[in-house]
Amino acid sequence: MTHEDQGNYAGKHPQREMDPVVVEKLEKRKDKNQITCAAAHRVASDLTISPREVGVQVDLMELRLVQCQLGLFGHTPGSGQSDKEIRVPDDLKLRLESAARQGRISCKACWDIAGECKMSRVDMGSVCKKIDLRIKPCQLGAF
C-alpha cells in the first residue's frame, strides 16, 4: 500500500476476492476512501481474523490506510510525527536491537515491546527511527 500502488492496491492480490463480512465492517469504519490503522485493527479484533487479512480486504476495496499507530505514515503535518528529541534508554535500545533482524523489526514486535514498556506506539516509532531501525513488515501489509 505504497504511494506507487495508490489507486491499484487490489492489483497486489490478483487471486483474492472480497470477503463480504469483512467488507461490511470496513465500510462502517471508513471515512471517504480511507481507513485508519486503528479502525482496521478493530475490525480484525472484532472478527477474530488476522490484521494481514483485513489489510488484504482494505487493498481490495482500494482504501488508503492512514494514521499509522507507530506514526510512520498517513498523518497530517504536525500530528503523529516522530519525536526527534525522544530519549532512548540503553536497555530499550538493546531489547529492540535483539528483536531486530538485518536492521528491521516488525510492527507487531514494536507493539508488543511498547505495551510491555508502557509506552505509546507512536513513541516506539520515534525510538526506532532515532536508532535507525526500520519497521517492517506492517501487520496490515502497508509496507
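Read-outs throughout are calculated quantities, based only on the coordinates presented, and are distinct from any laboratory measurement. This is a predicted model, so every value here is computed, not measured. Every residue, glycine as well, gets a Cβ built from its backbone with ideal geometry; the counts of neighbours run over all protein chains shown.
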Q. So how strong a dipole does the chain carry about its Cα centre when Lys and Arg Cβ are +1 and Asp and Glu Cβ are -1, to the nearest 20 debye?
A. 240
Q: Taking the chain as the reference, fit the longest principal axis to its C-alpha atoms, fit the long axis of helix 37-47 to the helix C-alpha atoms, and give the angle between the two in degrees, 0 to 90, nearest 10.
A: 60
Q | Relative contact order (percent, whole number), the chain, Cα cutoff 8 Å, 6+ residue spacing | A | 26
Q) Suppose every K and R has +1 on its Cβ and every D and E has -1 on its Cβ; what is the size of the dipole of the range 20-73 about the Cα centre, in Debye to the nearest 20? A) 140
Q. Hey, what number do you get for the chain at 222 nm if only DSSP H runs of n ≥ 4 count, each worth -39500 (n - 2.57), divided across all residues, to the nearest 500?
A. -12500 deg cm²/dmol
Q | Stokes-Einstein D in µm²/s, Kirkwood radius over Cα pairs - the chain at 25 °C with 0.890 mPa s viscosity | A | 155
Q) residue 42: net charge of surrounding residues, Cβ under 10 Å, Lys/Arg +1, Asp/Glu -1, itself excluded? A) +1
Q: Based on alpha-carbon positions alone, could you give the equivalent ellipsoid semi-axes of the range 3-66 from the gyration tensor, as √(5λ), descending, whole Å?
A: 17, 14, 10
